[in-house]
Amino acid sequence: MRLSYVPQPRQLALHNAIADQILYGGAAGGGKSHALRWDLIDFCIHVPNLNATLFRRTLPMLLKNHIIPLRRELPKDYGLGTYNETRKMYEFVNGSILQFQHIEYDRDCDDIQGSELHVAGVDEAGQMTPYMLGWIQSRVRLGEAQERFKEYLKLDPKIKPYLDRLPRLVMGSNPGGESHHFLKEQFIDPAPPETVFPVEFSSPLTGRSIKKTRVFIPAKMTDNRYLDEGYEAQFAGLPEWQQ
């Protein structure tokens, strides 16, 4: 079976990134949504019983940009799993699930309370509020799955590169939006692009220091060889700052 997705160099940099939190993007047409979806799919295929969730601000955005493309990319006859329309999730035969979740208002964060997300992806993270992004980040953990994954590793050592990158938060974004400055301060200002840097947190429960890593991976329109020729000309009607 040959999967339809072949990552381009910038997308491959995203998939290979070893950091707890990753920001990918910078320009329209950079192939962010496609890469983000397949980053989660790849983990689900290789790690059994993985919980992955892909977030976007509204359900129509999820349908247009992810659910409809996924159903074309992973048809039933591939034997990898099936899409459950009611639950808005793709259920893999190895027990992994890829949930599609929209968070339109801050109050919608209650819908993921108690969730244990081994891998989370946020498409167009700049359109989310900082509160939403912080709440999603708080759900990214392994919990009781840590011991289970250790047993899987004994059975299949080839999954080690995937387990070494868990838990994982990947965000794609264009400039602008409610979290533009928040993301810039968190991912872009502290270090040059593609440089993994440490971030230290103080536990609100114990006060102990906890270290995480972050990285920003830029993607430009010119990094996507599949765009229509002259696509950039379509931005001529926008205000200069948006161009």
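The values are calculated or read from the model by the stated rules, or taken from the named source; none is laboratory data. Everything numeric in this text was worked out from a predicted model, so none of it was measured. Glycine gets a Cβ as well: all are built from the backbone with ideal geometry, and neighbour counts include every protein chain shown. Quick note on the areas: whole protein, heavy atoms, side chains included, nothing else; ligands and nucleic acids left out. Shrake-Rupley method; radii C 1.70, N 1.55, O 1.52, S 1.80 Å.
Data table
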| read-out | value |
| --- | --- |
| Some residue of the stretch 13-29 being more than 14 Å from the chain's Cα centre (by Cα), aliphatic (A, V, I, L, M) and more than 14 Å from GLU73 (Cβ to Cβ) | yes |
| Selected residue (criterion: most open to solvent (accessible area, probe 1.4 Å)) from residues of the stretch 8-40 that are in a loop (DSSP other than H, G, I, E, B) and at pLDDT 90 or above | ILE18 |
| Complete set of residues in the stretch 93-149 that are within 21 Å of GLU185 (Cβ to Cβ), open to solvent by less than 60 Å² (accessible area, probe 1.4 Å) and among the charged types (D, E, K, R) | ASP123, GLU124 |
| Every residue from the stretch 48-62 that is among the hydrophobic types (A, V, I, L, M, F, W, C) and surrounded by fewer than 16 Cβ atoms within 10 Å (Cβ to Cβ) | LEU59 |
| Residues of the stretch 193-219 satisfying the condition of being touching a residue at least 60 places away in the same chain (Cβ under 8 Å) and open to solvent by 90 Å² or more (accessible area, probe 1.4 Å) | GLU194 |
| Qualifying residue in the stretch 77-90 (condition: modelled with pLDDT of 95 or more, of a type in the set (Ser, Thr, Tyr) and surrounded by 20 or more Cβ atoms within 10 Å (Cβ to Cβ)) | yes |
| Residue pairs meeting the criteria (Cβ under 8 Å; at least 6 apart or on separate chains; first within 22 Å of GLU104 (Cα to Cα), in the stretch 179-192; second assigned to a helix (DSSP H, G or I) and of a type outside the set (A, V, I, L, M, F, W, C)) | SER179/GLY126; SER179/GLN127; SER179/PRO130; HIS180/GLY126; PHE182/PRO130; LEU183/GLY126 |
| Unique residue being farther than 22 Å from LEU166 by Cα and of a type outside the set (A, V, I, L, M, F, W, C) when the list is ASN94, ASN51, ASN65, ASN16 | ASN65 |
| Of all residues making up the stretch 41-96, the number that are assigned to a strand (DSSP E or B), more than 27 Å from LYS154 (Cα to Cα), among the hydrophobic types (A, V, I, L, M, F, W, C) and more than 14 Å from the chain's Cα centre (by Cα) | 1 |
| Residue identified as of a type outside the set (S, T, N, Q), under 17 Å from the mean Cα position of the chain (by Cα) and over 30 Å from GLY95 (Cα atoms) among PHE182, PHE187, PHE201 | PHE187 |
| Close pairs (8 angstrom Cβ cut-off, 6 or more residues apart or separate chains): of a type in the set (Phe, Trp, Tyr) in the stretch 53-64, part of a strand (DSSP E or B) anywhere | PHE55/GLN101; PHE55/HIS102; PHE55/ALA120; PHE55/GLY121; PHE55/VAL122 |
